[in-house]
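Quick notes on the structure that follows.
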Amino acid sequence: MKSIGMVKWFGGINSKTNRENKFGFITDQSGKDIFLHKNECEGQYHPDEDDVVCYTLEEDKGKWKAVAARPFRDVEYEPDELFLLIKTSVYSSSLAKLKKALNSQFVEVFYTAKNPMKLALFGNTQDTELMCELLYCDNRWFAFLELIKHEGLFKPLDDIDWKFLPNEFFKNHEDKVAEYLINHQKSKVLALQYKDKLPVSLILFLVIKDNTYSVKELGGRFGDLSSYIGEMVKEGTNDYPSYIHSTIKNESNPIKNLRDVPILRNIIDVALFKKYCFEKNTKFSLLYDASDYLKSRFDIFILNNLCSLMLANNNQDLIYQVFLNKLWTAITSKAINPIAQMKQLQRLFPSCSTMPKGLACEAVYWKKQEKFLCRGKECLDPKVIPHTTHDYFYFTIYDWFAHYGIDYLNESEPTTRDFPIKLAGYLNRMIEIFDVIHCRSCSSLMIPNLKYSRVEYTVVENGKFIQKDMAASYRLTVFKCPNTGCLEYGTEHYINHCLGFDCYEIIDTRDLKVKCDSGLYICRGCGSCCGTHSKSNPAGLCPDCGKPLNLYEASSESSFGQRMFNSGTSTYRKDRFARCSSSTCNFYIPKEKLSKKFYLQSSGDPIKVRKN
C-alpha cells in the first residue's frame, strides 16, 4: 500500500563535510519520521520542505525508509484507498497541509468516480460521520444526497446528522421535512437547533402548528418570518407551499387565520398597518386603536399620528404643533420612553456617521459649498433624502413625508426650516435632555407646562375625520415635578438647548441663576443669551455674575503656521480661552471646551497674550 507524508526537511549544507546533503526526512501520517534519500525519488523530483509526497515504505537494517517517492498530486488513487489513509492518519498541527491535501484529493476522486463505486463506498463504510464531514462542503454534495435518497441507500433525514444536510436539501424537500418534524418526538428541539437551515415557509408551518415558539427562540428567523408574512400581506396572495394548506381554516382570508397565532399577530398588525398607511387608507387608525402591540411601538406611534394629521390635510405648522403635543402627552403618561425605545425610533429616523450615536441624521444642504452638514459638521452619508421607489415596509420618515406630499422647499436640498429636518432636530434634542428633565428630588419625570394658546386641527379617529383643539406645545421649555409628595412639586424649571453657534449645552435654571438685561439665562458653555448681547458683547456674558467675557489668544512664533478650517472659513488655530472680565469672578472656559463661535470674526478680536 502507498504511504503518504509531508517533507520535514531535505538537502541543505552539511556542517561537517561542507557539502549538500542528499537526504532528508518525511513525517508520515502517523507522525513518525521516515528517511528519504535523493536516489529514492522518481524521475527529476527534488523534494522541498512541506511538500506532500507519496512513497512506499521499506525496511532497511531495522529502520524504515521511503522509496519510489513522488509528489502526491501525481499519484492516482482509488476512493477507498484514500479514505483508508485518512482514517488511519494521526495529525498534529504541523501536518495541517498534509491533512488538507489528503482530504481535498479524496473529495475530488470520490465525486469523479462512477456512481456504483461512490454508492458502494458510502454504503459500506462504518464511518458515515467522517465521510459526510469530508464531502458536505463541496457543491456536489446536494446532488449526491439526492442520488442516495433515490437509490434507497439512505434516508437522509433519519440516517444523516442534519448538520451535514445543506439548506438546499431542506428547501427541496420541505414537505417531507414538515411531516418528519410533526411526527418527531422532539420536533421543536430539532427545529430550533437547525432553524437557520430551514426555509422560512417551514418556520411559518411550525409556529402555526405549535403556539409555544417565542420571538427569542426564533432569533434572526423571526425577522425572516416578518418579511415573509409582510410580502403575503402586501401582495394579498396565498403564496405558501401546499403542506401549509391543511393548517389554514379559511383559504379565502388566510391572514385573518394567521392572526389568531399569538407570535404572528404582531407581525401581521405591523404589516397591515404599514400597508394601510401606504394606501392612505384610514383603516390604519382603527387597527392602531385595536392593537396594544402597535401602541407600544415608538416608531408606529409616530407614524400613526403623523399619517393621521397629514391625511386630514392639516398644514405643516399645525402638524408639527399637534404631533409634539401628542408626543409629550405619551411621554409624561409613560406610554412612550424615548431612551428605552431609541432603536424603534431609529427605524424611522436613521442615524448617520456625523451625529452622536443614536441620534437621527438632521443634515441640511449648504449650497455655497455643495455639501451636507449635520450640526455644522460635514455629513458624508446624509439619510434625509427620500427614496420612495423602494419597499415601503422599510420607509424612513423622510420617505413617508415625501409619499404624503411633504417635500423640501428645494428638492433634495433640505434646510432647517423644512418640516422633516425640524422634527428630526426636535426629537434629537428631546432625547438629549430626557435624562435632565427628571426631578432631582424624587427622580420623577417632570411634565411640561402646556399653558399656551389653543389651536384647532383635524385628525383621523375610528376611521373618520374629527375636529379637535389643544394647547400648542411646540415650544415646551418649562417643566415641573408631578409628584404631590415631593418637595419640588409644582416648581417650574426652564430647560432648553443653548441656541449659540455650535454649542449644545443644556440651559437648566436649576444650575443657572443669572439672566441678562433681556431676561434670558446665560449659557455656561458659550456665554450666549440673546440677540442684543450677541452684538454688544460678541464674546458673551459671564453666567456667574453677568459681566462681559473677554476672549484671549495665547500664541507663540511657532504657532502662526497652523491652520484650522471652520464651516468653510479658515483662521489660524491658536490657544484661545475665555474669562470673565471682572477681577472678582473666577468663571473661565478653557481652550478644549471653546465652541466654534469663539473662532469666528463675529466673536470680536481676542486679547493677545504671550504663551507661557
*Residue count, the range 199-214 (criterion: within 20 Å of residue 270 (Cβ to Cβ) and not in a helix (DSSP H, G or I))*: 3
*For residue 485: the one exception among (1) modelled with pLDDT under 90; (2) small (Gly, Ala, Ser); (3) farther than 25 Å from residue 603 by Cβ*: (1)
*Does at least one position in the range 133-147 carry a residue that is among the aromatic types (Phe, Trp, Tyr), in the same structural domain as residue 267 (by TED's automatic domain parsing), in a loop (DSSP other than H, G, I, E, B) and more than 30 Å from residue 257 (Cα to Cα)?*
yes
*Out of (1) more than 26 Å from residue 266 (Cβ to Cβ); (2) modelled with pLDDT under 90, what's the single condition that is false for residue 170?*
(2)
*May I ask you to list the residues in the range 153-196 that are among the basic types (Lys, Arg), surrounded by fewer than 18 Cβ atoms within 10 Å (Cβ to Cβ) and outside any helix (DSSP H, G or I)?*
155, 186
*asked:* I'm checking my understanding of the structure. Among residues of the range 584-609 that are of a type in the set (Lys, Arg) and in contact with a strand residue (DSSP E or B) (Cβ under 7 Å, 6 or more places away or on another chain), which one is surrounded by the fewest Cβ atoms within 10 Å (Cβ to Cβ)?
replied: 608
*Across the range 437-480, what is the total count of residues that are modelled with pLDDT under 75, of a type in the set (A, V, I, L, M, F, W, C) and assigned to a strand (DSSP E or B)?*
4
*helices (runs of 4 or more DSSP H) wholly in the range 297-390 with at least 3 residues that are touching a Gly at 6+ places or on another chain (Cβ under 8 Å) - which ones?*
none
*May I ask you to say which residue of 266, 305 is surrounded by 21 or more Cβ atoms within 10 Å (Cβ to Cβ) and modelled with pLDDT of 90 or more?*
305
*Quick check, is residue 99 under 28 Å from residue 136 (Cβ atoms), in contact with a Phe, Trp or Tyr (Cβ under 9 Å, 6 or more places away or on another chain) and basic (Lys, Arg)?*
yes
*Give the range 79-122 a look and list any residue that's out of contact with any Leu (no Cβ under 8 Å at 6 or more places or on another chain), assigned to a helix (DSSP H, G or I) and among the aliphatic types (A, V, I, L, M), or say none.*
84, 95, 96, 98, 101, 117, 120, 121
*Quick check, is residue 364 buried (at least 17 other Cβ atoms within 10 Å of the Cβ), under 24 Å from residue 597 (Cα atoms) and in contact with a Pro (Cβ under 6 Å, 6 or more places away or on another chain)?*
yes
*Looking at (1) surrounded by 18 or more Cβ atoms within 10 Å (Cβ to Cβ); (2) part of a helix (DSSP H, G or I); (3) at pLDDT 90 or above, which is the one condition that is false for residue 217?*
(1)
*With (1) on the phi < 0 side of the Ramachandran plot; (2) in contact (Cβ under 8 Å) with a residue 60 or more places away in the chain as the list, and residue 31 as the residue in question, which single condition is left unmet?*
(1)
_Residue in the range 61-68 that is modelled with pLDDT under 85, surrounded by 17 or more Cβ atoms within 10 Å (Cβ to Cβ) and of a type in the set (A, V, I, L, M, F, W, C) present_ = no
*Would you mind stating whether residue 128 is of a type outside the set (D, E, K, R) and free of Cβ contacts under 8 Å to residues at least 24 places away in the same chain?*
no
_Per-region count, the range 48-78, residues part of a loop (DSSP other than H, G, I, E, B), over 51 Å from the mean Cα position of the chain (by Cα) and aliphatic (A, V, I, L, M)_ = 0
*Just one of the numbered conditions (1) surrounded by fewer than 16 Cβ atoms within 10 Å (Cβ to Cβ); (2) at pLDDT 80 or above is not true of residue 433; which one?*
(1)
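The values are calculated or read from the model by the stated rules, or taken from the named source; none is laboratory data. All values reported here derive from a predicted model rather than from experimental measurement. Ideal geometry is used to build each Cβ from the backbone, glycine not excepted, and the neighbour counts take in all protein chains shown.
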